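Accompanying notes for the structure given below.
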Amino acid sequence: MDPLTLLLTTVLATTPVVVTEDDTTLPDGCRPAQVAQTLQARFGTPAVHVDEVIVGHANGLGQIEFSATVAGQRAHGKGAIDCPARSIVAFGMGPEHGPIGALCPPPPRRTHATVACVRHWR
């Protein structure tokens with residue numbers, strides 16, 4: 001996706017992003033809000049809602065994990081993003097078969113927004 005299309009799609013996106021934990025040392029394009037907006041721009045449709053996104057940075061790529069609602073069904077996925085290009089370079093998603101814990105700390109109040117946060121490597 002060219003940068004202008006990505007910018008316009010991000011600006012016009014209808015789903016807000018709530019960042020519950022950020023890390024200013026992450027490279028541009030890999031901050032939680034930016035990754036959530038990239039996923040929304042690429043996959044967000046009325047049938048797909050990105051619910052949560054957690055991002056870390058390793059081996060030169062943004063490492064992402066996310067949960068989504070796809071046509072009313074819960075889904076879970078992982079992938080990688082080229083941060084400066086804001087381009088998804090690896091992606092996989094499938095149905096959730098059972099409960100999966102929250103990826104991010106909860107926002108201060110319930111919201112329909114996409115919740116985004118950072119991963120702390122141990």
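For segment 102-122, which residues satisfy the criterion of being of a type in the set (A, V, I, L, M, F, W, C), part of a loop (DSSP other than H, G, I, E, B) and more than 13 Å from Phe66 (Cβ to Cβ)?
Our first condition is that a residue be of a type in the set (A, V, I, L, M, F, W, C); within segment 102-122, this holds for 102-104, 113, 115-118, 121.
Subsequent filtering for residues that are part of a loop (DSSP other than H, G, I, E, B) retains 102-104, 113, 121.
Residues satisfying the conditions are Ala113, Trp121.
Taking segment 18-72 as the range and being in a strand (DSSP E or B) and of a type in the set (A, V, I, L, M) as the test, the residues that pass are Val18, Val19, Val48, Val50, Val53, Ile54, Val55, Ala58, Leu61, Ile64, Ala68, Val70.
Among the residues of segment 79-87, is any part of a strand (DSSP E or B), farther than 16 Å from Val17 by Cβ and in contact with a Phe, Trp or Tyr (Cβ under 9 Å, 6 or more places away or on another chain)? The answer is yes; a qualifying residue exists.
Return yes when Ala75 is within 15 Å of Arg42 (Cα to Cα), surrounded by 12 or more Cβ atoms within 10 Å (Cβ to Cβ), touching a Gly at 6+ places or on another chain (Cβ under 8 Å) and not charged (D, E, K, R) and no when it is not.
Working: within 15 Å of Arg42 (Cα to Cα): no; surrounded by 12 or more Cβ atoms within 10 Å (Cβ to Cβ): yes; touching a Gly at 6+ places or on another chain (Cβ under 8 Å): yes; not charged (D, E, K, R): yes.
No: the conditions fail for Ala75.
Looking across segment 79-95, the residues that are farther than 14 Å from Gly60 by Cβ and surrounded by fewer than 15 Cβ atoms within 10 Å (Cβ to Cβ) come down to Gly92, Gly94, Pro95. Is it the case that some residue within segment 98-105 is under 19 Å from Val48 (Cα atoms), within 16 Å of the chain's Cα centre (by Cα) and surrounded by fewer than 14 Cβ atoms within 10 Å (Cβ to Cβ)? Looking for residues that are under 19 Å from Val48 (Cα atoms), within 16 Å of the chain's Cα centre (by Cα) and surrounded by fewer than 14 Cβ atoms within 10 Å (Cβ to Cβ), one finds at least one in segment 98-105, hence yes. Selection of segment 78-101 for residues being more than 17 Å from Gln34 (Cβ to Cβ) and in contact with an Asp or Glu (Cβ under 7 Å, 6 or more places away or on another chain) yields only Lys78. Of all residues in segment 51-104, those that are among the small types (Gly, Ala, Ser) and in contact (Cβ under 8 Å) with a residue 40 or more places away in the chain total 5. Scanning segment 84-122 for residues that are of a type in the set (Gly, Ala, Ser) and under 23 Å from Thr25 (Cα atoms) yields Ala85, Ser87, Ala90, Ala116.
The numbers here are math on the coordinates, done by the rules we state, and not lab data. What you see is a predicted model, and the numbers here were worked out from it, not measured in a lab. Positions of Cβ are backbone-derived with ideal geometry, glycine not excepted, and every protein chain shown enters the neighbour counts.
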